[in-house]
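FYI, it's all coordinate maths here, none of it is from the lab. The shown structure was predicted, so the numbers you read here are calculated from the model rather than taken from an experiment. Here the Cβ positions follow ideal geometry from the backbone for every residue, glycine too, while neighbour counts run over all protein chains shown.
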Amino acid sequence: MSRIFLRSILLPATLVLLLASTGAQANDKLTLLLDWFINPDHAPLFVAEERGYFAAHGLDVEIIAPADPNDPPKLVAAGKADIAVSYQPQLHVQVAAGLPLTRFGTLIATPLNTLLVLEDGPVKSIADLKGRKVGYSIGGFEDALLRAMLARHGLSLDDITLVNVNFSLSPALLSGQVDAVIGAYRNFELNQMDIEGHKGRAFYVEEEGVPSYDELILVANPERMDRAVLRRFLDALEEGVQYLVNHPDESWALFIRGRGELDDELNRRAWRDTLTRFALRPAALDRARYARFARFMYEQGLIPEVLSVADYATILE
Amino acid sequence: MSLSYAGAYLFKGLDLDLLAGQCSALLGPSGVGKSSLLRLIAGLEQFETGGKIDIGANASAALANPSAPIAYMAQQDLLLPWLDALGNVMLGARLRGERPDHARARDLLARVGLADRENALPATLSGGMRQRVALARTLMEDRPVVLMDEPFSALDAITRLRLQELAADLLRGRTILLVTHDPMEALRIGERIFIMAGRPALLSEVPPPAGTTPRDPADAGFLSHHAELLRRLRAADAQI
Amino acid sequence: MMRFIRPLVIVAGLVLLWQVIVWLTDAPHFILPAPARVAEAWWVHHLTILGHAGVTLLEIALGLLCGVALGVSSALALAYFRPARRWLLPVLVASQAVPVFALAPILVLWLGYGIASKVAMATLIIYFPVTVSFFDGLRRTEPGWTDLARTMDASRWKMLTRIRIPAALPALASGLRVATAVAPIGAVVGEWVGASAGLGYLMLHANARVQTGLMFAALLTLAFFAVIIYFIVDNGLRRALPWQPDKLPAHQQE
């Protein structure tokens, strides 16, 4: 009786348990640092997480939101995290400064940055900025962007006054402290001002002389990255984008599940406006486009030399 | 006059007559209310119920009135640390907005033996020196009535003896009420001696030894007076 | 001679400790740069750094002036007017309880992005220690002195100006020392929220451009000036209050 018990029940049970436990241990852990607080720009990540795509690819992704957008790439470069959501312009500068970073995927494939003014304000075109105040946030490359945009209209940075308003771009514009702000996102600040009852007018940087670039990218440390694991990550992320594009309303419900504080009018509008900007193929890389932007940064004096794209961007096979 | 603290009368219906121009010493055990009595007279405390203190011929001068003619000297020298000796001596005039008499102040400092310390800050002076500056300050006030609350008790024995003599000399002719816990001091410089005892406290007078102040402790009869005072103080202490 | 050698030795020791930490932790240069890197950054950018330092120093100086003026007058009001105590004291405590970072954006919105908001921030931080210490000093005047003054027929005004205020000056001095130590914090926090000049702004700017050497150079410059200001104020206070007993050798006391 006991022998039969052992063979038929206990042994298989133990095997199943063992297999199950090793199966659980087979999930690779990844720490991912967002660029800032959770917002609709991060939709594909959360859709992938909520739909279980990461788990299905054997990944256990821990998503962390930092308080200072400057930290995540440094932490990844220092080996304290695996993935950071960062910005393409910053990547060029960081790699030039010697940080071991490489872009392996894209989250948002268009610029989001705009030069924002009040619709019923005195600035109707960029040429009207002459002699006016422009607010900016530290951390962007606003002076470079502005220089390029102004040059097209025969102006230089000396014709305007730059005022650092840090992160309160809309309040500064709404209160009249500045006549325009740069660094405002077309999906965010535009909507924010609309909700406040003041329509804004946006000048899109890529239409005004700045080469196009990826606003949000995924970076990792080339010396530490596990290429196979990150490839699986991108596969899961692509499934997330797919679902998002096919089922935007269901995706919104997933985005705010368990994060009730994100459910507000601004986020809802931003969600709608960001849908067309996500990278549909996160792993894909257009090398010539990156090289073109690197040349722009070099001409603006932001980086000392133009490196080859392979030095800072990777395609994971 | 009456005064009570925390519901219990310290003294009630107390009568005290001070003879003008004499130094009256007030003895008594700790806690009997000697200092409180002095502070009442100085106007630093309020009467409980009806109290009247007459000074001189002016019968309507009540002592809640701050312009009463008293000078006050306490156990601590109360020298202001940011003023030098001269500045401290002239304090009264400065506080009243009057022009201080520099010459007189320097003369008084010389009389207490501190002519060479006019510009010294109190922190650089010894305890005895500081109390001498306080004495000069008291003299500077030039008031007919001087109230002294154990002014020399914090000093060492020799300095105390010297200061008692100095005070007796310089304050001669003024009406002094000297509160002290030291029967020796009372015998040396008191022209009248009172003992305060009991709760509520009452005053009883003790005849002083013969001789002008400051008296010499080596005099005959001094010791027996001392013994008598000690006996009565002990009894008074037992009453509290 | 020793007075100058000692601080130099301390600084050298700290620099050595810093280098050892960098070696031991193998910290990457973009997180904790080695002293040599920071020194190089300082050398290359010293004019920029000093220019921004001037702005921050101005903010600190003005903040100290306003904070001390407001603090002293508030303490006097609290000590002398009972209604002031009821109304002002809770405001005073609240001003300290609210974290400065939360108030900073509001101040910037009201006062603009110029120097006014930074001075306001510094003033806010300085106000509390100055007021509380001076108020405390005024309240705790040695009772013997006030007794003596009363027997000398001092008026209320003379009591205040000749006795209470001088007696409270050592307490005020303590408050001023604390205020001087925290003033740079106020100025820098103000700059972080919205400024185009100053060491705080420079630090943020350098951090964003991954110029960690420059960031640390600016930080150390700020620390250096903060220490210098503290010693100047401390010395000034000691000279202004020569009667403080701790200055005298023991054998001269009773």
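Below is a table of values for the structure above.
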read-out: Kirkwood Rh and Cα Rg combined as Rg/Rh, region A:124-239; value: 1.10
read-out: Value of relative contact order over chain C, rounded to a whole percent, pairs C-alpha under 8 Å and six or more apart; value: 27 percent
read-out: Cut-off under 5 Å, modelled amide H: who pairs with A:SER175 long-range; value: none
read-out: Among C:LEU220, A:GLY139, C:LEU32 the positive-end extreme of the charge dipole of the protein assembly as shown (Cβ point charges); value: C:LEU220
read-out: Listed residues B:VAL206, B:VAL146, B:VAL32, most fluctuating in chain B (Gaussian network, C-alpha, under 10 Å); value: B:VAL206
read-out: Average projection area in nm² (convex hull over Cα atoms of region B:75-175, one quarter of hull surface); value: 6.1 nm²
read-out: Cβ neighbours within 10 Å from other chains - mean over C:135-148; value: 3
read-out: Angle in degrees between helix B:222-239 and the longest Cα principal axis of chain B, rounded to the nearest 10; value: 70 degrees
read-out: Cα-based shape type of region A:159-317, given that a ≥ b ≥ c are square roots of the gyration tensor eigenvalues and the cut on a/c is 1.5; value: oblate
read-out: Area projected by the alpha carbon convex hull of region C:69-197, averaged over all directions, nm²; value: 8.5 nm²
read-out: Chain C: DSSP helices with Cα axial extent of at least 18 Å and average Kyte-Doolittle hydropathy no lower than 1.0; value: C:2-25, C:35-80, C:115-139, C:165-193, C:212-240
read-out: Proximal aspartates and glutamates to B:LYS34, defined as alpha-carbon separation beneath 17 angstrom and excluding residues fewer than eight positions away on the same chain; value: B:ASP15, B:ASP17, B:GLU45, B:GLU48, B:ASP149, B:GLU150, B:ASP182, B:GLU185, B:GLU205, B:ASP237, C:ASP147
read-out: Rel. contact order, % - alpha carbon contacts under 8 angstrom, at least six apart, chain A; value: 26 percent
read-out: Tilt relative to chain B, helix B:127-141 - C-alpha long axis, 0 to 90 degrees, to 10; value: 90 degrees
read-out: Rg(Cα) / (2.2 N^0.38 Å) computed for region B:158-240, rounded to two decimals; value: 1.12
read-out: Inter-part distance where region C:84-104 and region A:95-162 are each reduced to a Cα centre, Å; value: 39 Å
read-out: Rounded to whole Hz, the Karplus (6.51, -1.76, 1.60) HN-Hα couplings of region B:146-151, x for glycine and proline; value: 10, 9, 10, 10, 6, x
read-out: Cβ charges +1 (Lys, Arg) and -1 (Asp, Glu), total dipole of chain A, debye; value: 760 debye
read-out: Mean Cα-pair separation over length for chain B, i.e. relative contact order, pairs under 8 Å, 6 or more apart, %; value: 29 percent
read-out: Alpha carbon centroid spacing (whole Å) that separates region C:188-231 from region C:34-58; value: 9 Å
read-out: Projected area, mean over directions - region A:259-307, Cα convex hull, nm²; value: 6.0 nm²
read-out: Extension gain, A:LEU280 back to A:GLN242 (0.36 nm per residue minus Cα-Cα distance, nm); value: 13.0 nm
read-out: Residue of A:PHE278, A:PHE141, A:PHE233 that the Gaussian network model of chain A assigns the largest fluctuation, springs spanning Cα pairs under 10 Å; value: A:PHE141
read-out: Tensor-based shape of chain B (alpha-carbon gyration tensor, a/c under 1.5 rounded, otherwise prolate or oblate); value: oblate
read-out: Fluctuation leader among C:MET215, C:MET203, C:MET159 - chain C, Gaussian network, Cα springs under 10 angstrom; value: C:MET159
read-out: Cα-based reach from A:LYS124 at 13 Å (exclusive), listing aspartates and glutamates while leaving out same-chain residues under 8 positions away; value: A:ASP179
read-out: 5 angstrom amide H check on A:GLY135, placed H, neighbours 5+ away; value: A:VAL163, A:ASP179, A:ALA180, A:VAL181, A:ILE182
read-out: Whichever aspartates and glutamates have a C-alpha closer than 12 Å to that of C:LYS118, once near sequence neighbours (fewer than 8 apart) are set aside; value: C:GLU59, C:GLU191
